[in-house]
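The values are calculated or read from the model by the stated rules, or taken from the named source; none is laboratory data. Remember, it's a predicted structure, so these values are computed and weren't measured experimentally. Glycine gets a Cβ as well: all are built from the backbone with ideal geometry, and neighbour counts include every protein chain shown.
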Amino acid sequence: MPKTKGYESHANTYDQWFDENPEIYQAEIKAIQSLLPDGKGIEIGAGSGRFTAPLNIDTGIEPAAAMRAIALKRGLNIITGVAESLPIKDNSYDFAIFITSTCFLDNPVIAYQEAARVIKNNGSILIAFLEKNSELGKVYEERKHENPFYCDATFYSYSEIVNYLKQAGFEQFQSVQTVLPESQAKHKTSDILPGHDLGAFIVLKAKKSNKGN
């Protein structure tokens, strides 16, 4: 069952966060863009469309009606559905992307398998997520019961996400990171770096394996 309660009752509060935190929002967009492939994409867990539009993603899947309503007002192509059972035909997209939605999935492996089904051979998947072992990730984990959006979330580490992707048939991993800790004096919070061992916001890209096809 989708974990959408907080997003149904606080959709406008969620959407306003991006206006109130433009530097972090733009850093996240740029981090994703640095690994975003060409072609037709689908965003799974598109929310209010705050990433769907600037990333020029063709289609969004979103289970929360209140979030879909905001996205639809933005003129976006948003479909009702859940990640573990996508209402999409096989081999329909060049890439699939999950942006801070993995932590709300009932079953990440099944969701990623569904993503593999709807993307073409040699297609890509991108997972943007809050790294649970980062400084900020640890704070979110400790305080998530106080947050209407993250109270039901399950945060994951980079290695856990990679493991789920391998089980779903993905390979050739690349990653970038941003939302860097303030304790790192040589970097700004909004800097974008390769890798995954420092920032709170990680973007992980992998290719669909064609083994057995």
Problem - Matching residues, segment 23-44, being under 24 Å from V109 (Cβ atoms) and among the small types (G, A, S) - result: G41
Problem - Hey, D90 assigned to a loop (DSSP other than H, G, I, E, B), among the charged types (D, E, K, R), farther than 17 Å from F173 by Cβ and touching a residue at least 40 places away in the same chain (Cβ under 8 Å) or not - result: no
Problem - Number of the exception - A185 against (1) hydrophobic (A, V, I, L, M, F, W, C); (2) touching an Asp or Glu at 6+ places or on another chain (Cβ under 7 Å); (3) modelled with pLDDT under 95 - result: (2)
Completion exercise
Residues of segment 30-65 being of a type in the set (D, E, K, R) and over 20 Å from T13 (Cα atoms), in sequence order, are K30, D38, K40, E43, D58
Handout entry: Residues located in segment 18-54, provided they are over 13 Å from the mean Cα position of the chain (by Cα), among the small types (G, A, S) and assigned to a helix (DSSP H, G or I)
Key = A27
Completion exercise
Picked from segment 135-163 (must be of a type outside the set (V, I, T) and touching a strand residue (DSSP E or B) at 6+ places or on another chain (Cβ under 8 Å)), the residue surrounded by the fewest Cβ atoms within 10 Å (Cβ to Cβ) is S157
Problem - Test: residue in segment 106-118 that is at pLDDT below 95 and over 23 Å from E171 (Cβ atoms) - result: yes
Problem - Only listed residue being in a helix (DSSP H, G or I), under 16 Å from G195 (Cα atoms), at pLDDT 90 or above and among the β-branched types (V, I, T), chosen from I127, I161 - result: I161
Problem - Criterion violated by H145 - all others in (1) touching a Leu at 6+ places or on another chain (Cβ under 9 Å); (2) outside any strand (DSSP E or B) satisfied - result: (1)
Problem - Selection count, segment 1-51, where residues are modelled with pLDDT of 95 or more, loosely packed, with under 14 Cβ neighbours inside 10 Å and under 18 Å from T80 (Cβ atoms) - result: 0
Problem - Every pair of residues 6+ apart whose Cβ atoms lie under 7 Å, when the first sits in segment 16-38 and is touching a residue at least 12 places away in the same chain (Cβ under 8 Å) and hydroxyl-bearing (S, T, Y) while the second is in a helix (DSSP H, G or I) and surrounded by 14 or more Cβ atoms within 10 Å (Cβ to Cβ) - result: Y25/F18
